[in-house]
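Reviewing the structure listed below.
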Amino acid sequence: MTDPQPQPGVPHPGVHRREFVAFIAAIMAVNALGVDLMLPALPAIGRDLGVADANARQWIVTAYLFGFGLGQLVYGPLADRYGRKPILVLTLAGFLAASVFAAGAQTFPALIGARVLQGLMSASTRVLAVAIVRDSYSGRRMARISSVAQMIFFLVPILAPSMGQALLALGPWRFIFYALAAFAAVVLAWSLLRMPETLPRERRVPISFASLGYAYRLTLTNRYSIGYALAASLTFGGIIAFVSSAPQVFTDTFHVGSRFTLLFAVCAAAMGAASFANSRLVERLGTRLISQAGLFALILLSLAHLAVARAGLETLPSYMVFQALSMTCIGLCGSNFGAMAMEPVGHIAGTASSVQGFISSLGAVAVGSAIGQSFDGTTYPLAIGYLGIGLATLVIVYVVEDGRLFQPRMAPVAEPAR
């Protein structure tokens, strides 16, 4: 098996690069909508299904993300064997069906089960988005394409809560899940009608214990691959902590009422701005310089935020400033960590993306849930959680880079199988 060297420009005949980027963003948006669209509906769902504990309602988000992390382990090998498009089509159809099941749930456990199923189906979107981009681009150009797609993708969290609020104005919370089904149907049609297969038949890998063992071993033992997957896991955990606890922070702590969707959008917009800046700078400055600068800034911001929260001086304006800037730092880290994790394992992109996604997603759920479930009516758990994330990630990056920070260099490509 040889490492493909994608060429710059239009990756596939008949598909303009702008449409390619928009399609990747749409794939990623399936997952983003699955998380963020129902945030305004959490209180209504709790009332309708008899869930009085506000922290318990966070499981509507975390159950989805648990399924999302678990499902990623299988889609990479399947996509490497059968191609990207068939797996995408099947799982989009599955996500559509799971959304309909969620809309009809009559009990909280039934809804949680449907959410896990939604996550299992949407897990393919993360694996396949990364693999399709890696099929078509490499290196810093891959990071730039990923950043542009993520910039578009980050518009979804900005708009999703407001969209969810609008759907609630039209009808019950179940409308939100029907809307998810409708969006999945649109992306499914787009995939069937416009997108070609990006993995040629000659590069497909039979599923066998030997090939899976080789790919898993390579992904898990290469220090760049596993190290940056763990780094991405921690920073993604910061996003989950914010998303799952945001309705409580804004409505219970700061009593903003209907302004919740707007204030949430401001924080999400900060991540979008960071991805836009990264897409413009990454080819010139490199993934390492940008991500490490963002990481150090996150640590300094968290220290300042912790001091303010600990002193009891937190206000809505101060929280908004700290949270938006922290999300900016996470935005500068996330896509670059993901791109660097894929650098040495591009020749097994599907399986590597699967393993890395499994690690980063389930690790993020554990980290984000621990912080979110610690909500005590103040912003202190978030502040100390972000500081812990920053420090732990810095240790990982330091070890991965062998103590050489802020030095532009490429990870060695792992030796392919003979």
Practice prompt. Mind telling me which of Val30, Val365, Val256 comes out most flexible in a GNM of the chain, alpha-carbon contacts under 10 Å?
Written response: Val256
Worksheet item: Over what distance in Å are the Cα centres of the stretch 315-368 and the stretch 213-240 separated?
Response: 10
Worksheet entry | Computed label-point distance, nm, for sites Phe209 and Val100 using a 7 Å Cα→Cβ extension | 4.0
Discussion item. Using a Gaussian network model on the chain with a 10 Å cutoff between Cα atoms, which of Tyr75, Tyr386, Tyr214 fluctuates the most?
Written reply: Tyr214
Worksheet entry | Potential lengthening between Val266 and Asp402 on full extension [0.36 nm per residue; Cα-Cα distance subtracted] | 45.3 nm
Response to the item:
Nearest-0.05 FRET efficiency for Leu281 and Arg18 at R0 = 25 Å, using Cβ-Cβ distance, is 0.75
Practice prompt. Evaluate the Kirkwood expression for the hydrodynamic radius of the chain, namely the inverse of the mean inverse distance over all pairs of different C-alpha atoms, and round to one decimal in Å.
Written response: 21.3
Worksheet item: What is the Cα convex hull volume of the stretch 148-298 when expressed per residue in Å³?
Response: 194
Discussion item. At 7 Å along Cα-to-Cβ for each site, give me the label-to-label distance between Ala293 and Asp48 in nm.
Written reply: 4.6
Worksheet, complete the sentence: With x for Gly and Pro, the residue-by-residue ³J(HN,Hα) of the stretch 159-175, computed from phi through the Karplus equation 6.51 cos²θ - 1.76 cosθ + 1.60 at θ = phi - 60° and given in whole Hz, is 8, 4, x, 5, 5, x, 5, 5, 5, 5, 5, 8, x, x, 4, 5, 4
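About the Cα centre of the chain, how large is the charge dipole given +1 on each Lys and Arg Cβ and -1 on each Asp and Glu Cβ? Please answer in debye to the nearest 20. Intermediate values should be presented prior to the final figure.
On the way: 28 positive and 17 negative charges, 175 e Å.
Here the chain has a charge dipole of around 840 debye.
Since every read-out is calculated from the coordinates, none of them should be taken as a lab result. Computed from a predicted model, the values in this text were never measured in an experiment. Every residue, glycine as well, gets a Cβ built from its backbone with ideal geometry; the counts of neighbours run over all protein chains shown.
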